[in-house]
Amino acid sequence: MIPAPHQARHGPPLAALLFRPGPGLAPEAHRVARALLEDAARNRGGRVSAAGQGAWRLEAAPPALEMARRALSAVLNGRDAALLTEAPATPPAAAASASGPEAILRALPLEALLERRPILGFGAGGGPRPAGLRVLPSASAIAAALGPRWAGAPWQEHAGNLVARRALGLVPPPEGPLHLDLPPETLPDLGAAPLLPVLPLRALARPPAALFGVDGLSVAALALLDPAQLPGAVLHLTLEPGLDALPAGLWRLLNPARVVLGGVADAAGLEWGLARGIGRFTGPWPDRLLAAWWRRADGRAG
């Protein structure tokens, strides 16, 4: 049995993924498959064990199993091997108990589990105005709701995905589009929903055909990616000091009209973005400007 020092500590594994090689599978592919299973167990919580005749079994939480399954499928890609999802390792009644993360989250109002970030834009005359709303699962609220028993990273990611799916029913604001953070796996269920899905950076490996936004673009990622070839209708970028070190021509290639600059804490941050052609912002300073806009709008309405 392969040692598993990082086996999940918060609740038992829910299910298992079985990798069963066929007689025609090359030894190199077998070693890569085993390494991927070990990596999933080590980094995302779980346990890998030998299952006889060259097979290996990964026991872990559903999010880790699904990521391992996708990685193995991409590597095997028609080779002589099978991937089987085995029955849950815990009784169904226990998995559906009121103490499970799904039941805990269902019992709470959706608004208590979300973070809202109003987006500041500028009108034709250059004045500030609302330009939409970004909504994402609140990591702190979810962690507080689930408590220490479900504090492991796979459980937190699983819970965030559950909250994001519940948020699909939100109504977009009248002042602009709704930017909703979603896992890529949810996209087939979107249909014609009037919102812009915001996907994690890993979705760029297989970008969807529909319009989408991207989150997680750090300085390091921008330095590695070709800005002219970066897909996405909207790029959510957090203001950080290292952005100044990027080449001056990057912003033109990136198309700053796509960027929503987050984490803008003061007027200097806003001016920095405007100087680079960025026209949409989130953060404490944009929140102040939008609050003033709403007060003026309420005064005109009254």
Is there a quick way to get the dipole size of the stretch 192-302? I mean about its Cα centre, with the Cβ of Lys and Arg at +1 and of Asp and Glu at -1; what is the value in debye to the nearest 20? 340 debye
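With a 1.4 Å probe and every protein chain kept in, tell me what percent of the accessible surface of the chain is carbon plus sulfur. Could you put the intermediate results ahead of the total?
Details: 9040 of 15190 Å².
The value for the chain is 60 percent carbon and sulfur by accessible area.
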Quick check: the distance between the Cα centres of the stretch 253-302 and the stretch 99-162, to the nearest angstrom? 21 Å
Kindly report the accessible area of the stretch 225-299 per residue (heavy atoms of protein chains, probe 1.4 Å, no ligands, DNA or RNA), in Å². 50 Å²
For the peptides 101-112, 238-249, what is the packing order when you average, over each peptide's residues, the other Cβ atoms within 10 Å and list the highest mean first? 101-112, 238-249
1/(1 + (r/R0)^6) with r = Cβ-Cβ of ASP298 and ARG70, R0 = 41 Å, i.e. FRET efficiency to nearest 0.05, evaluates to 0.25
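Just the number: Rg to Rh for the stretch 242-300, Cα atoms, Kirkwood Rh, two decimals. Spell out each step's value before the answer.
Working: Rg = 13.5 Å, Rh = 12.5 Å.
Using only Cα positions, Rg/Rh for the stretch 242-300 is 1.08.
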Expected output is a single nm value to one decimal: the length gained when fully extending between ALA268 and ALA55, i.e. 0.36 nm times separation in residues minus the C-alpha distance. What is it? 70.9 nm
Rg ratio (alpha-carbon, reference 2.2 N^0.38 Å) - the stretch 13-83: 0.99
Cα-based convex hull volume of the stretch 113-250 per residue, rounded to whole Å³: 154 Å³
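If you take the C-alpha gyration tensor of the stretch 111-186, multiply each eigenvalue by 5 and take the square root, what semi-axes do you get, largest first, in whole Å?
Working: eigenvalues 180, 31, 17 Å².
Ellipsoid semi-axes (Å, largest first): 30, 12, 9.
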Assuming R0 = 30 Å, can you tell me the calculated FRET efficiency for the pair LEU18 and ALA103, based on Cβ-Cβ distance, to the nearest 0.05? 0.60
The answer for the per residue Cα convex hull volume of the stretch 205-252, in Å³, is 84 Å³
Quick one: what are the phi-derived ³J(HN,Hα) couplings along the stretch 47-52, Karplus 6.51/-1.76/1.60 with θ = phi - 60°, whole Hz, x for glycine and proline? 8, 10, 9, 6, 10, x
Could you quote the convex hull projected area for the chain, Cα atoms only and averaged over all directions, in nm²? 19.4 nm²
P(r) of the stretch 182-302 over all Cα-Cα pairs, 10 Å bins starting at 0, rounded to whole percent, reads 12, 39, 30, 16, 3, 0
With only Lys, Arg, Asp and Glu charged, each at its Cβ (+1 for the first two, -1 for the last two), find how big the charge dipole of the chain is about the Cα centre; round to the nearest 20 debye. 140 debye
With labels modelled as points extended 7 Å from the Cα through the Cβ direction, what inter-label distance (nm, one decimal) is found for ARG149 paired with ARG129? 5.1 nm
Please compute the length gained on full extension between LEU83 and ALA248, using 0.36 nm multiplied by the number of residues separating them and subtracting their Cα-Cα distance. 54.6 nm
What length, rounded to one decimal in nm, is gained on full extension from LEU110 through to LEU201, with 0.36 nm per residue of separation minus their alpha-carbon distance? 30.3 nm
To check you understand DSSP bridge types, tell me what percent of the beta bridges within the chain (both residues inside) are antiparallel, rounded to 5. 60 percent
Amide H neighbours of SER138 under 5 Å, at least 5 residues apart or on other chains, H built in the peptide plane: list them. LEU114, GLU115
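With n ≥ 4 as the cut-off for DSSP H runs, can you work out [θ] at 222 nm for the chain, using -39500 (n - 2.57) per run divided by the number of residues, rounded to the nearest 500?
One gets -10000 deg cm²/dmol as the mean residue ellipticity at 222 nm.
At a threshold of 8 angstrom on Cα-Cα distance, excluding pairs fewer than six apart, so keeping six or more, what relative contact order does the stretch 136-212 reach in percent?
Details: 68 pairs, mean separation 18.7, N = 77.
Result for the stretch 136-212 is 24 percent.
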Under the 7 Å Cα-to-Cβ spin-label approximation, GLU240 and ALA209 lie apart by a distance in nanometres of 3.5 nm
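The values are calculated or read from the model by the stated rules, or taken from the named source; none is laboratory data. None of these values were measured; they are calculated from a predicted model. Reconstructed Cβ throughout: ideal geometry from the backbone, glycine too, with neighbour counts over all protein chains shown. Side chains are part of the model used for accessible areas, which takes the heavy atoms of the whole protein and leaves out ligands, DNA and RNA. Shrake-Rupley method; radii C 1.70, N 1.55, O 1.52, S 1.80 Å.
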